[in-house]
Amino acid sequence: MNIFRLAGDLSHLAAIIILLIKIWKTRSCAGISGRSQVLFAIVFITRYLDLFTNFISAYNTAMKVFFLGSSIGTVYLMYLKFKATYDHNHDTFRIEFLLLPTALLSLVLNHEFSVMEILWTFSIYLESVAILPQLFMVSKTGEAESITSHYLFALGSYRGLYILNWIYRYYFEGFYDIIAIVAGCVQTILYCDFFYLYITKVLKGKKLQLPA
Amino acid sequence: SLSDEPKDEL
């Protein structure tokens, strides 16, 4: 565990907590893509099956359980408890365009052709693009609430910090996982446009509004 | 190989 990895994990944790607080306090999931949240729940379920086969550390187990519980909880809040506030008219990204290619890719490009390894690989590929329905929703409505922007910023920072972690691990531990690195870079790149808007607008106290 | 090592990253 290095400082970049820890900061990345904490940023990821913060993103999820920000999202849950937003939904809970405002009793609304307006502006949030339920489709992205479903994809994240699939990502965690397929990645953390090793909870049942491997014990790594109490930290590792606690974080996995939290990510699983919170992602499933978010889906529950959006599709059941606060269903009436879910903005489904603007949440129209076709997730089969993400699920099918990432599933196929994980069958072809993996470290080992085994069920656990393929599901892990699928979760890595799917995570890299899971935010697209949310970014599509923001671009469709042309704006995002500040709290949604903070959520997206924390979520994007997480994979960016993981890249620094991978550089550190490559130099100091000789460790690298090419699948995680390439997918993580793709994931981070998808946020670049948003990061630019966040820094130039939201941090200056303005609402995130896309140019018409 | 990598797949034999426990995955410590989240």
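Below are the figures for this structure:
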read-out	value
Residue check, residue A:171 of a type in the set (Phe, Trp, Tyr), surrounded by fewer than 22 Cβ atoms within 10 Å (Cβ to Cβ), away from chain B (no Cβ under 14 Å) and on the phi < 0 side of the Ramachandran plot	yes
Flag if residue A:157 is touching a residue at least 24 places away in the same chain (Cβ under 8 Å), in contact with a Ser or Thr (Cβ under 6 Å, 6 or more places away or on another chain) and within 11 Å of another protein chain (Cβ to nearest Cβ)	no
Yes/no for residue A:30 being of a type outside the set (Asp, Glu) and not in a helix (DSSP H, G or I)	yes
Residue match in the range A:93-104 (condition: aromatic (Phe, Trp, Tyr) and in a helix (DSSP H, G or I))	yes
Subset of the range A:151-185 (residues that are among the hydroxyl-bearing types (Ser, Thr, Tyr) and within 21 Å of residue A:121 (Cα to Cα))	A:158, A:162, A:170, A:176
Residues within the range A:4-56 that are under 21 Å from residue A:118 (Cα atoms), crowded, with 17+ Cβ neighbours inside 10 Å, within 14 Å of another protein chain (Cβ to nearest Cβ) and without any contact (Cβ under 8 Å) to a residue 60 or more places away in the chain, tallied	1
Residue in the range A:84-95 that is out of contact with any Lys or Arg (no Cβ under 6 Å at 6 or more places or on another chain) and within 12 Å of chain B (Cβ to nearest Cβ) present	no
Residue A:125 being out of contact with any Phe, Trp or Tyr (no Cβ under 8 Å at 6 or more places or on another chain), crowded, with 17+ Cβ neighbours inside 10 Å and either under 28 Å from residue A:202 (Cα atoms) or not charged (D, E, K, R) (or both)	yes
Residue in the range A:136-146 that is out of contact with any strand residue (DSSP E or B) (no Cβ under 7 Å at 6 or more places or on another chain), of a type in the set (Phe, Trp, Tyr) and closer than 19 Å to residue A:94 by Cα present	yes
Residue in the range A:108-120 that is more than 30 Å from residue A:201 (Cα to Cα), polar (S, T, N, Q) and within 14 Å of chain B (Cβ to nearest Cβ) present	yes
Residues that are touching a residue at least 60 places away in the same chain (Cβ under 8 Å) and in contact with a helix residue (DSSP H, G or I) (Cβ under 6 Å, 6 or more places away or on another chain), drawn from the range A:103-115	A:110, A:111
Every residue from the range A:141-159 that is crowded, with 19+ Cβ neighbours inside 10 Å, in contact with a Gly (Cβ under 8 Å, 6 or more places away or on another chain) and in a helix (DSSP H, G or I)	A:148, A:157, A:158, A:159
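Any read-out appearing in this document is the output of simple, stated calculations on the displayed coordinates, not a laboratory observation. Only a predicted model underlies this, so the values are computations on that prediction, with no experimental measurement involved. Positions of Cβ are generated from backbone atoms using ideal geometry, with glycine treated the same way; all protein chains shown enter the neighbour counts.
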